[in-house]
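Colleague: This structure is in structure tokens; I'll ask about it shortly.
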Amino acid sequence: MTRRAVALTGLVLVLLASGCEADRPAARQPRVGPEPSSAATPTAVPLGIAPTSRHSSAPPARPAPVLTVRYRVEVRVDDMTTRSFPGVVHRTLADSRGWRRARFELVSDAHATYTIVIAEASEVDRLCLPYDTFGKYSCQNGPVVAINADRWRSATPEWTGDLATYRQMLINHEVGHLLGQHHPESPQCKVPGQAALLMSQQSTELGGCLPNPWPRGEEIARAARHDEPLAPPYSPPPG
């Protein structure tokens, strides 16, 4: 995706549609907790630090600075299932298992320019244009993350975790797009039975992987470089 450069401080976060999560369904399974430590970090090197040989005199690279991303939440549909949306968003984005590990500080701010919206399917389709969300997918589009209320209510048939875990995955996945992260070209996981990559399309298929709502170690390491612009604009899908 083509992205625009963003300043590293005072950043405002507004979630809508662009880089569709294309809800990944999966068969029901027990909720997956934090990923095993073996998958959490690809190496023993501290996050953001380049490995050096024991005899190297070159100083290690400095980690990227913490990037503050400010967002606001909008609930555009009012029912018993969506009233908890703001609280779930705030708790998920503040969780130490999430994008904070990649040196992002996600801060709620009523005046932020980035917005996370939950709305009915027809409005999400409009917010996501020119992406086609077919009345059932969520997306990130520029400064907005648009969450489909039907997915929030019931997840998808392919999702094998519980509903609470699905909601965390949905938020983290779409916010991941806003932070410049993409769908991986590799399978959801290298070996069946492992936790899926967060940015894989878990709403539509799991490929034998376990449902996972949190970014894995390799995803954290990639995002921590801060080399992708925030809030990417529309980019046509390959082909």
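Colleague: When you look at VAL175, is it among the β-branched types (Val, Ile, Thr), out of contact with any Ser or Thr (no Cβ under 6 Å at 6 or more places or on another chain) and without any contact (Cβ under 8 Å) to a residue 12 or more places away in the chain, yes or no?
Modeller: no
Colleague: Looking at segment 86-115, I want the residues that are farther than 23 Å from ASP227 by Cβ and of a type in the set (Val, Ile, Thr) and have a partner that is at pLDDT 95 or above and part of a strand (DSSP E or B) with Cβ atoms under 6 Å, at least 6 apart or on another chain. Which pairs are those?
Modeller: That search, which allows pairs on different chains as well, returns VAL89/VAL73; VAL89/ILE116; THR115/ARG72; THR115/GLU74; THR115/VAL144.
Colleague: When ILE147 is evaluated against the numbered criteria (1) over 21 Å from LEU67 (Cα atoms); (2) in contact with a helix residue (DSSP H, G or I) (Cβ under 6 Å, 6 or more places away or on another chain); (3) β-branched (Val, Ile, Thr), which criterion, by number, is the only one it fails?
Modeller: The failed condition is (2).
Colleague: Further question: Being among the charged types (D, E, K, R), in contact (Cβ under 8 Å) with a residue 12 or more places away in the chain and not in a strand (DSSP E or B) is the filter here; which residues of segment 65-78 pass it?
Modeller: The answer is ARG76, and nothing else.
The values are calculated or read from the model by the stated rules, or taken from the named source; none is laboratory data. This structure is a prediction, so every number in the text was calculated from the model and none was measured. Glycine also receives a Cβ, built like all others from the backbone with ideal geometry; neighbour counts cover every protein chain displayed.
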